[in-house]
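S.K.: Got a structure here, written out as structure tokens. Questions coming.
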Amino acid sequence: MIGKKIKEKRSRRGITQEKFAEMIGCSQSNVSKYENDELGIDAMMLLKIANVLGCTVDDFFRDHEQEGA
């Protein structure tokens, strides 16, 4: 669930997984695992991801219906 939202936000900004990995300080492999919900994301990494994507951590937990509200 969170991974899908990360991927959507990253893709909308035209950022590759490789570039995103550099921006958040991890490997491209970990970015792929995050986006496919194959690897858990700790709170500090989630905050870093949110900052890079220009959103809040809460945005990753909202339903799509709530995002427009």
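S.K.: Report the gain in length on full extension from ARG12 to ASP58: 0.36 nm times residue separation, minus Cα-Cα distance, nm rounded to one decimal.
M.R.: 14.7 nm
S.K.: Keeping every protein chain present and rolling a 1.4 Å probe, give me the accessible area per residue for the chain in Å².
M.R.: For the chain, the per-residue accessible area is 63 Å².
S.K.: Also: Using DSSP to define loop residues, name the trypsin sites (Lys or Arg not before Pro) in the chain whose beta-carbon has at most 15 other beta-carbon atoms within 10 Å.
M.R.: In loop regions of the chain (DSSP not H, G, I, E or B), the sparsely surrounded trypsin sites (Lys or Arg not before Pro) are ARG13, ARG62.
The values are calculated or read from the model by the stated rules, or taken from the named source; none is laboratory data. Quick caveat, the model's predicted, so the values are computed rather than measured. All Cβ positions, even for glycine, are placed from backbone atoms using ideal geometry, and neighbour counts span all protein chains on display. Only protein heavy atoms, including side chains, enter the accessible area calculation; ligands, DNA and RNA are left aside. Shrake-Rupley method; radii C 1.70, N 1.55, O 1.52, S 1.80 Å.
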